[in-house]
Amino acid sequence: MSMISQKARYALRALVALTRAGEGESLMISEIAAGQDIPKKFLEQILLELKRSGIVMSKRGKAGGYLLLKAPGEVSFGEVLRIIDGPIAPLPCLSKIAYRRCIDCRSEDDCEIRHVFSKVTDATRAVLDRTTLADAIGEVDLLEKAS
């Protein structure tokens, strides 16, 4: 699993902010940018990408801004990472959305490196694809109550 990009971290933080705003509530780009410490121009590009993918929508007018189009329980971290950063797999031969045989590959079946990273990738995918925006804010809220 490669490190997630700054862009993906910003996308997830913006989506968490929209989740916390509540169902059907919109936030202005400037509100999200200030609240999450994200450069406004960069945030505009990220939200456009998320809009094209059907995760958020924009509203015009006085109460305008961005809001979640999908329910927070339907948006997984894995989906967002694939939209922003592309494949989650650390090796091209393990990618579901961009499979490529490794250039110097003799045999995928006999590749020790592939076998180890296959386990890493499966575990990573399991967590990212099962964890939704709703889960993420629920876990943070539980931690805050416990402390």
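Taken together, the values in this text are just the output of simple stated rules run on the coordinates, not laboratory data. It should be emphasised that the depicted structure is a prediction, and the values quoted were computed from it without experimental measurement. Glycine also receives a Cβ, built like all others from the backbone with ideal geometry; neighbour counts cover every protein chain displayed.
Hey, got the dipole for the chain? About the Cα centre, +1 on K and R Cβ, -1 on D and E Cβ, debye to the nearest 20?
580 debye
Mind sorting Ile29, Ile38 by how few other Cβ atoms lie within 10 Å of their own Cβ, fewest first?
Ile29, Ile38
Can you give me the relative contact order of the stretch 53-101 as a percent, contacts being Cα pairs under 8 Å and 6 or more apart?
Values: 41 pairs, mean separation 10.1, N = 49.
Relative contact order here is 21 percent.
Relative to the longest principal axis of the chain, what angle (0 to 90°, nearest 10) does the C-alpha long axis of helix 133-146 take?
Approximately 80 degrees, to the nearest ten.
Report the label-to-label distance for Ile137 and Ala34 in nanometres (one decimal), using points 7 Å from each Cα along the Cα→Cβ vector.
With each label placed 7 Å out from Cα toward Cβ, I get 2.0 nm.
Using only the alpha-carbon atoms, how far is helix 112-130 inclined from the longest principal axis of the chain? Give it as 0 to 90 degrees, nearest 10.
So the helix axis and the longest Cα principal axis differ by about 20 degrees.
Within a 10 angstrom radius of the beta carbon, how do Ser5, Ser76 rank from fewest other beta carbons to most? Working shown, then result.
Working: Ser5 13, Ser76 18.
In increasing order of surrounding Cβ atoms, one gets Ser5, Ser76.
Points 7 angstrom from Cα along the Cβ direction at Val116 and Cys93: gap in nanometres?
Inter-label distance under the simple model: 1.4 nm.
If each residue's Cβ is checked for other Cβ atoms within 10 Å, how do Asp85, Asp110 rank with the fewest at the top?
So the residues, fewest neighbours to most, are Asp110, Asp85.
Restricting to Cα pairs below 8 Å that are 6+ residues apart, what does the relative contact order work out to for the chain? Please round to a whole percent. Don't skip to the end; give the middle numbers.
Values: 173 pairs, mean separation 39.1, N = 147.
Relative contact order for the chain comes out at 27 percent.
To the nearest 10 degrees, how steeply does helix 40-52 sit against the main Cα axis of the chain, on a 0 to 90 scale?
Between the helix axis and the principal axis of the chain, the angle is about 70 degrees.
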